[in-house]
Each structure stands twice: as C-alpha cells, then as structure tokens.
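Let me begin by presenting the structure, written as structure tokens, before commenting on it.
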Amino acid sequence: MNEVQDLSVGPPVELAVFSGPLDLLLHLIRKNEVSIYDIPIFAICDQYNGHLRAMQELDLDVAGEFLWMAAWLLHLKSKMLLPQTAAEGEDPREELVERLLAYRRVKELASFLHDSDLVRRGLWGPAVAPPTAGGEETELDWEEVDLRLLAQTYLDVMQRFAAAHPPPLAVLPLRFNVQDSMRDLYSRVLDEGLVPLLRHLHSRSDPEEVVTMIVATLELVRLRGVFAEQRRPFAEIYLRPGDHRLDPEELLNRGVVNG
Amino acid sequence: MDRAELTAALEAMLVTAGAPLSAAAAAEALGEPTLGAAEVGEVLEAIARAWDREDSGLRAEKVADGWRCVTPAQLDSYLRALHGVTARQRLSQPALEVLAIVAHRQPVTLPEINFIRGANSASVLRTLLERRLLRLAGRKKVVGKPFLYRTSKEFLIHFGLERAEDLPDPEELLKEESAAID
Amino acid sequence: MDRAELTAALEAMLVTAGAPLSAAAAAEALGEPTLGAAEVGEVLEAIARAWDREDSGLRAEKVADGWRCVTPAQLDSYLRALHGVTARQRLSQPALEVLAIVAHRQPVTLPEINFIRGANSASVLRTLLERRLLRLAGRKKVVGKPFLYRTSKEFLIHFGLERAEDLPDPEELLKEESAAID
C-alpha cells in the first residue's frame, strides 16, 4: 500500500480501484489516520488534488464526479479560511461528514455482500429433471416480471412483427417517360426556335414531370439535338436547335441507333 | 481426500450433472492421482445403495455410459402436482407477450393482438383475464364489434403505477438507462 | 402417507423444483388434508438437518420464502472441473455498492443512488437489472416520476437471504470491525 505522502514520487498503482470521489476521500482519511468528524481540509484537499493529477497522468478517465468533489473541497477550504463568528457556529464540513458516514455504511454492506458473493457463487443447484419436464416453454416468475421486462418483451414482439411484415417496396408505375418528354421538347424547340426551359418547368406542378423534363433536356443536350444557354447565373435557360438533327429512331432509343 | 468428502463430491456431481456421469469423468474432475475410475465407480455404487431407501427422494441408476440421478417413479404424481401448483404463480412467454402488447397499445382487440403476434392468442388472453391482469373495456366500433382489452388495476399495482398513462415508453425506458451514463 | 414417503417426496421436490420451494406449495402438491404447511415445513427442516453431513453432497437452505437445494460451497472446485467452468464473473465494487444501497433503502431512485455513492451509477444499475439482481418497481410520485428500484428474488437466492431485511445492519458491521482491530 502506498503512503499518501509518497504522491510526489509517483502515482500509486491502486488508483483505479476507487469507485468514486467519496471512496477516495475515505481512503485519504484512513491513510492519514484522522477522524472523519474532524477532517483536516487543507491537507486532504491537497492530497485529493494530487490523486486527481496522478489519475490524469495515468490517462485514467477522470469522471466529472471527481472534479465536482475537488471543487467542493476547494470551497470548504476557502470557508475554513474565513474567521468563524460565534453566531454562525456551523461547521462547513458538516454535510461532507454526513455524506462520508452514509457512504461508509454503504461500503461496509458492499464488503459484506462481496464476501457472501465469494462463497455463494460456489453453490450449485441440482439438475435433476422433474417427470413433467421436457419440451415445455420457459415460464417466468410473475413476481419477478417488472416494467423493464415488459418493455423488452414488447420491443421483441414488435421487432418480430416487423421482420415478418417487411414494408412493401413502393414501385409505382411511371406516369411520365423520358422518351415522350424528349419528343415533346424537341418538336417544340424545332417549332419555336427558342424555348424558355425554366418557365416551362415552373408551369408544371407535378415534381415527377419536372424531373422527367430535366432528364429529357439533358439527354437532348447530350445528343446535340438542342443547345442550352444561360446568360448569367439564375437567369432563364433557353433551348435552341442543336447542330445534330435527331431522327425519330434516335429520339426513341436515346441516341442508340442500330447499324 | 477422505471417504466422506469423496462421497459428498460424487453426490454433488451426480445431482448437478444433468446427464449420465461416468466414473472416468468423475475421477478426472476429482484430480487425485491415486483415485482411478475403478475406485470412484465403487463409491458411486455405494451411493446408489445408500440412496435406495424408502425415505429418500433420489435414486442413482446405472445406464450405458455411467450413473444417472433420478427421482423414484412412485413419486411422480407429487412432482406433477407440484409443477401444477407452481405454474399458477408463473407466466408463460406467450402470456407475457400478450400482456406487453395490451399494456403498450391499449385499448386493443384480439384480432389486433393476433395480427401482431402472428399467433392465436385467445386462450392466453382468457388466462390473463382470469388472473385479473387484463380487463374488458367495451367494443370497438368496427365490423364485428370486437371486444377491447385494457390492463387492470391489479396490473398497475404489480408494476407500482398509478395510471396506465404512467407506463413508460418501451424504447425510452431502455434508452434512458443507457443515456443517463452521461 | 407415512413419514418415510413424505420425506422422500419432499426430497424429490427439492431437487427438481428449480426455484425455492415453499412449504405451502409443497403441502398443496402432496394433497393430504391433514398435512398443512407447518407440518411440511418441519419435515423440510428435518431434511435440511439430515443433509448437513460431511459425506453429503446436498444442502437445503431457506431463501426467499422457500427451501432451496444446493451443493456445499467447498465442493465448488470439483464441480467446476467436472462442468468445465473456469472463471466466473465477479460483481464489481460499484455494483456491490449499488446493491448495498438498494437492499438497504428500497425502493430507491437512480438520483438517490447517485447522491449516496457520489458517483453516476446508471450503467452499473443497468447491468444489475440485466443480471436480474435488481428489478424496476414502479415510479416515485415526485416531479419527473423517476423509476424506483428494488432487489429481486434472484438477489435473495444469490445471497442466501429469506428477506432483504435479513442483511446485517451496516452500523453493526462497523462496530464489529473496530472491535476486531482492538
């Protein structure tokens, strides 16, 4: 076991075993052989912070609760510095002492449970099958069914339900097709010479139709059947006839012509 | 290891084995170089003779691959009766599932429960009604007017709740505990 | 039914029960109007005394309002060798502390546990719930309706207690400890 005074030399290896800041404080009080009712806050606060530093150096994950206790100890330290007036009378350490005493009782009971656990985990129950056993479903002790098991069971059932009923794939028939849209657009461009694309798109309320028209435009541009022009950003996009005359077959097959 | 401890260890092995215990396996587990399968086999036979009394609830019977611990056949009726008694205080997995569905979706009808579970739950539902964990709560205004089911007062008392609305959302209950780890 | 058959039947019930056997359930299963829970309890106690011999591999202990059949602790190493069990997961120090707090102050909420330990106990609590040593016991009637926790039947069985109140008083433990030092 390390002495608390040895902290400057190196961090004690037992650091990781403290289950919380109260546990660490109790350890320091025992090591210093001081009374829990009369804790030398100055010395204990310094040693506590020394432990924290050592824990950080060891890269142990110093939880927030350890830092919170450090802040409390600092607060107590500052309070102890103030001259005590007779009217106040209260010892600023009182709450800390009470919490340490309560925690010490917990540790005591935990240590009893530890010893009991050590012995009792060596007990084995018999595995003699009763005559009625075999092929029966597991049953639960109703007394032991709690909200958590109920919630877990519900989630399991719903998960099983979802697995047995996968959502249907939404394969809707296409209401617009690119070929038709290409043919319409192309003939319009040939007829009108200049077609304002954005105005056309805005006049359509069906998003599916808009998407179809955009794809059709891109196809026509790719095939050089039309050219698209935009003078400046966000301005209207004008379509005009391109340098390649598309025949109906090319339009139908999106440029792929046999032979 | 003296004879008393050896007997105790072999008895413990017999009752916890769950399958026939061979003298060789027992000897190996004892780990005493001086105790071979033959010696262990003799002690097992002695145990079988000692158990074969009128006031004993255990028998050791020799089967092909070792010794098996069983209860005497003439006690079967008591053991079956015991199973029936304890079954009353227990809840089957299907019953727990129906209870969970009603608790978290109430009010709910039998067809809805059947649909979710993918199994007929009529008899389970009846048992839960008899045990007063569920109650009838009117009829649903759809074709056939099926009965609606809700959890009972006794259900709430068991789970320490005042109202059915206090039932935690199952996802949140299991999430909350892990989320609180900060 | 004579005494010998009664003893045999109760022994058989003990080794096949799978959970603590209450004298009332055993009496009901025997189905003899003249045999009440008190008489059956006496015979169960006699069986416990009879099994408590050096050369016996069985013990009967009173836990969680019933009798449970187990093997003596000192035979653990042989049984582990036979069943091929190497190491068992131990309960961590934080887990033991949370168990101690719940056992002593139940029903209790997570914020209360955190306050007493001075450390966040959410993940420990979750592990103990999963191991069925603790159970959710409703919600506290305060703002936020936090969940309440209690020790489970499994806790009583594991620690060999009839009731959670049978745990020693921590103050007494402290006194004993300081007395031992003097």
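Is it fair to say B:Gly31 is at positive phi and within 12 Å of chain C (Cβ to nearest Cβ)? Spelling it out, B:Gly31 is indeed at positive phi and within 12 Å of chain C (Cβ to nearest Cβ).
Looking across the range B:115-150, the residues that are without any contact (Cβ under 8 Å) to a residue 24 or more places away in the chain and buried (at least 16 other Cβ atoms within 10 Å of the Cβ) come down to B:Ile116, B:Arg117, B:Arg131, B:Arg135. Being surrounded by fewer than 15 Cβ atoms within 10 Å (Cβ to Cβ), part of a helix (DSSP H, G or I) and at negative phi is the requirement here; does A:Phe66 meet it? No, not satisfied.
Residues in the range C:4-28 that are under 19 Å from the mean Cα position of the chain (by Cα), at the interface with another protein chain (Cβ under 7 Å from one of its Cβ atoms) and among the polar types (S, T, N, Q): C:Thr16 only. Count of the range C:87-125 residues, restricted to those that are facing chain A (nearest Cβ under 10 Å) and polar (S, T, N, Q), is 6.
Surrounded by 14 or more Cβ atoms within 10 Å (Cβ to Cβ), touching a residue at least 12 places away in the same chain (Cβ under 8 Å) and assigned to a loop (DSSP other than H, G, I, E, B): does that describe A:Leu246? In short, yes. So how many residues does the range C:46-69 have that are in contact (Cβ under 8 Å) with a residue 24 or more places away in the chain, among the basic types (Lys, Arg) and more than 10 Å from every other protein chain (Cβ to nearest Cβ)? Result for the range C:46-69: 1. Against the list (1) more than 30 Å from C:Lys62 (Cβ to Cβ); (2) surrounded by 14 or more Cβ atoms within 10 Å (Cβ to Cβ), the condition A:Ala164 fails is (2). The set of residues in the range A:206-228 being under 13 Å from A:Val189 (Cα atoms) and charged (D, E, K, R) consists of A:Arg224 alone. Does C:Leu14 satisfy being closer than 21 Å to B:His83 by Cα, touching a Cys at 6+ places or on another chain (Cβ under 8 Å) and not assigned by TED's automatic domain parsing to the domain that holds C:Gly160? Here the answer is yes, as C:Leu14 does meet what is asked.
So, C:Glu112, is that one surrounded by fewer than 22 Cβ atoms within 10 Å (Cβ to Cβ), under 22 Å from C:Leu167 (Cβ atoms), not assigned by TED's automatic domain parsing to the domain that holds C:Ser22 and not polar (S, T, N, Q) or not?
Yes: the conditions hold for C:Glu112.
Of the residues B:Ala64, B:Ala87, B:Ala50, the single one that is surrounded by fewer than 14 Cβ atoms within 10 Å (Cβ to Cβ) and either modelled with pLDDT of 95 or more or within 21 Å of the chain's Cα centre (by Cα) (or both) is B:Ala87.
Screening B:Phe115, B:Phe147, B:Phe155 for residues that are on the phi < 0 side of the Ramachandran plot and touching a strand residue (DSSP E or B) at 6+ places or on another chain (Cβ under 6 Å) leaves exactly one candidate, B:Phe147. Applying the criterion of at least 1 residues that are away from every other protein chain (no Cβ under 14 Å) to the helices (runs of 4 or more DSSP H) found wholly in the range A:104-222 leaves A:178-192, A:197-202, A:207-222.
Residues checked against (1) crowded, with 22+ Cβ neighbours inside 10 Å; (2) of a type in the set (A, V, I, L, M, F, W, C); (3) out of contact with any strand residue (DSSP E or B) (no Cβ under 6 Å at 6 or more places or on another chain):
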{"site": "B:Leu35", "(1), (2), (3)": "no, yes, yes"}
{"site": "B:Glu39", "(1), (2), (3)": "no, no, yes"}
{"site": "B:Thr71", "(1), (2), (3)": "yes, no, yes"}
{"site": "B:Pro94", "(1), (2), (3)": "no, no, yes"}
{"site": "B:Val98", "(1), (2), (3)": "yes, yes, yes"}
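Listed by first and then second residue, the pairs with beta-carbon distance under 8 Å, at least 6 apart or on different chains, first residue in the range B:156-171 and more than 14 Å from C:Lys141 (Cα to Cα) and at the interface with another protein chain (Cβ under 9 Å from one of its Cβ atoms), second of a type in the set (Phe, Trp, Tyr) and surrounded by fewer than 19 Cβ atoms within 10 Å (Cβ to Cβ), are B:His158/A:Trp142. Yes or no: the range C:136-149 includes at least one residue that is in contact with a Pro (Cβ under 7 Å, 6 or more places away or on another chain) and either assigned to a loop (DSSP other than H, G, I, E, B) or within 30 Å of B:Asp2 (Cβ to Cβ) (or both). Yes, there is a match, as at least one residue in the range C:136-149 is in contact with a Pro (Cβ under 7 Å, 6 or more places away or on another chain) and either assigned to a loop (DSSP other than H, G, I, E, B) or within 30 Å of B:Asp2 (Cβ to Cβ) (or both).
The values are calculated or read from the model by the stated rules, or taken from the named source; none is laboratory data. Everything numeric here is computed off the predicted structure, so don't read it as measured data. Backbone-built Cβ (ideal geometry, glycine too); neighbour counts: all protein chains shown.
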